[in-house]
Amino acid sequence: MWGAMSLEKAISIAVRSLTPNRPYHVQWMLTRKCNFHCKGCNVWQEQDVRELSTEKVKRGLDILRKLGVMEVVLSGGNPLLREDIGEIIEYASKFFITTVYDNGSMAAKKIDDLRHADFVAISIDSLHPEKNDYVRGVKNAWKNAVRAVEKLQEEGISVSVSPTISQFNLYEILDFTNYFLSRNIPVWYCLYSYDFSSDPDQIFKIGKKNDEFAITDNKAMVELCDSLLALKKRNSKIFMTSKLLAAIKNLYLTGKRTWKCRALQNFFVIDHLGRVAGCHLHNPVASIFDLPDAWTSPKFESLRRIYSSCTSCTYMCYIFYSIHGSVSGNLHVAKEQWKNAGRFFKKSNFTPLNLAEQR
Ligand code: SF4
Ligand code: SF4
């Protein structure tokens, strides 16, 4: 899941990934502006024009670097609605594996801003334009998103599609995957989860209990995990580790979690005002500018203990970060993504020999 990167950056990331007890992954929701009206998401209904200045975002990125973060996911709202997004991506990509999310409406217009991103994820939820546009609440969302994927691919920018698996599209996810894999486009999934946190000030909310998206067919979900596990053996462009797929399968089969949540340990989120939370379902607990000191505070220690026994969500990214939020987890990802990583290392003239020479 890594885009073209310099040798220096590749080595620096390798070193950070092998240093234990770090917050490896951060999701920064850079803006609360959004041009879509997705069903169930409250971001577009509660937009906020306030956001951190470019300089403050850069200062925050410097702090993340000091903390040892290796991957930053820039999301929103739609992060590409920020006029300074190119400058932010360029700065972030010097130090971090930098992933940028778009709902498919902006990427084709912001190609030059995206050139430094390691990875651009375009969210598309169905192979059927009208079904996708219904979920997104915007006409032509599907057409524009597919056009954006093609344009990024033509421009040599690392792009993937990112469907949110829900009851609404569960039975077509395999076809969806095959459709994009046959076009040489990787797939990274999200998993629909309604938020039922009781924290009053959670960063944003998605879904309602028993809405049309909540997964009710557990058997189909288990079968889908099996099919993706089999497909993954033949195609390295499914950007899910087998460990993650096995954990999701087990969850739908038995209702049991094989992982402990590592929010505020190995990952955390930052909102558009620079507030830090373990995940978007919980209240902000610090400002990015309070880190790194707050990171080692008793307050954070006690929150880590609470979050590690929390079972309030099944968001795929948080499960992924929890399962792979350790040195051995990072090595597992590196091993599974080696075929993808190989082509980037080739671009940067990386060989095991010159890695040894750099030491
Ligand atoms: S899900 Fe994403 S694209 Fe859709 S309204 Fe919410 S923030 Fe915007
Ligand atoms: S399980 Fe983890 S990521 Fe999910 S709500 Fe609880 S603390 Fe947040």
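With point charges of +1 on the Cβ of Lys and Arg and -1 on the Cβ of Asp and Glu, referenced to the Cα centre of the chain, which listed residue (166, 321, 292) lies farthest in the positive direction of the dipole? The listed residue farthest towards the positive side: 321. Applying a threshold of 19 Å to the alpha-carbon distances of 109/143; 109/151; 233/260; 66/94 flags 233/260 as lying beyond it. Expressed in Å, the radius of gyration and Dmax of the Cα atoms of the chain are 19.1, 57. For region 178-308, a crude dipole built from +1 on the beta carbon of Lys and Arg and -1 on the beta carbon of Asp and Glu, taken about the Cα centre, is about 680 debye to the nearest 20.
Between region 9-30 and region 219-239, the alpha-carbon centres lie 27 Å apart.
To the nearest 20 Debye, how big is the dipole of the chain about its Cα centre, given +1 on the beta carbon of each Lys and Arg and -1 on that of each Asp and Glu?
Working: 48 positive and 37 negative charges, 187 e Å.
With only Lys, Arg, Asp and Glu charged at Cβ, the dipole is about 900 debye.
One decimal place: the segment residue 311-residue 234 gains 24.4 nm when fully extended, by the rule 0.36 nm per residue minus the C-alpha distance. Positive end of the dipole of region 16-139 (Cβ unit charges, origin at the Cα centre): among 103, 63, 34, the Cα lying farthest that way belongs to 63.
Compute the FRET efficiency between residue 254 and residue 6 as 1/(1 + (r/R0)^6), taking r as their Cβ-Cβ distance and R0 = 51 Å, and round to the nearest 0.05.
Numbers: r = 44 Å, r/R0 = 0.87.
It comes out at approximately 0.70.
With contacts taken as Cα pairs under 8 Å and at least 6 residues apart, the chain reaches a relative contact order of 21 percent. Could you calculate the FRET efficiency of residue 328 with residue 178 from 1/(1 + (r/R0)^6), where r is the beta carbon distance between them and R0 is 35 Å, rounded to 0.05? Plugging the Cβ-Cβ distance into 1/(1 + (r/R0)^6) gives 0.65. The GNM of the chain, with springs linking C-alpha atoms under 10 angstrom apart, assigns the highest mean-square fluctuation among 123, 287, 193 to 287. Compared with the rule-of-thumb size 2.2 N^0.38 Å for a compact globular protein, region 1-136 has a Cα radius of gyration ratio of 1.11.
In this label model, residue 140 and residue 37 are separated by 1.6 nm, measuring between points 7 Å along each Cα→Cβ vector. Under 18 Å of direct C-alpha separation, and excluding same-chain neighbours fewer than eight residues apart, residue 219 reaches these aspartates and glutamates: 172, 175. For the pair residue 15 and residue 201, label points projected 7 Å from Cα toward Cβ lie 3.7 nm apart.
The alpha carbon centroids of region 149-182 and region 65-87 are separated by 22 Å. If I measure Cβ to Cβ between cysteines in the chain, which ones have no partner under 4.7 Å? That list is 34, 190, 225, 261, 279, 310, 313, 317. Model label points for residue 226 and residue 90, set 7 angstrom from Cα along the Cα-to-Cβ axis, are 5.2 nm apart.
Subtracting the Cα-Cα distance of residue 151 and residue 171 from their residue separation scaled by 0.36 nm leaves 4.4 nm.
Laboratory data are not the source of any read-out in this text; all were calculated from the coordinates shown. In this text, all values refer to a predicted model and were calculated from it rather than measured experimentally. Here the Cβ is made from the backbone with ideal geometry for all residues, glycine too, and neighbour counts use every protein chain on show.
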